[in-house]
Amino acid sequence: MKIINGFDQKQVLFNNKFDMLNNKVGQDTSSVKENKSFGETLKNCINDVNEKQIDADASTNAFVKGDDVNIDEVMIKGEEASLALQFLVKTRDNLVESYKELIKMQL
């Protein structure tokens, strides 16, 4: 499967991550299951994106200062943070659009 768009690639990674989490919960029945709410899951995703942004900024600053940092690493971290932010913004837009559709529904 060839993924052309960077956003599509990030979405596949996101879906794979949740599939792995669902499989772990389904396989491990002896331990206490941790049920996360949608809000907690969203908060964790936002924190992950924030950490990636901070890591990318730290790499860029270290490179500018002249520390022993490879330019490839700086570019990869920057693009990873950018894609994560794009995915988060797209997710937010879809959530807002869905919320507006729910409000328009008549009961």
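Please treat every number below as a calculation from the coordinates, not as lab data. Note that the coordinates shown come from a computational prediction; the quantities given were computed from them, not determined experimentally. Here the Cβ is made from the backbone with ideal geometry for all residues, glycine too, and neighbour counts use every protein chain on show.
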Shape metrics for region 37-107, restricted to C-alpha atoms - Rg then Dmax, Å
17.2, 62
Please list 3J(HN,Hα) in residue order for region 58-68, calculated via the Karplus relation 6.51 cos²θ - 1.76 cosθ + 1.60 where θ = phi - 60°; whole Hz, with x for glycine and proline.
5, 5, 5, 4, 5, 5, 5, 6, x, 5, 7
Do any of Lys43/Lys77; Lys17/Lys77; Lys10/Lys43; Lys52/Lys90; Lys10/Lys65 go past 26 Å between their Cα atoms, and which?
Lys10/Lys65
Whose amide H sits under 5 Å from the amide H of Val69, counting only residues 5 or more places off or on another chain, with H placed in the peptide plane?
none
Pairwise label distance in nanometres, Lys43 with Phe18, each label 7 Å out on the Cα-Cβ vector
1.9
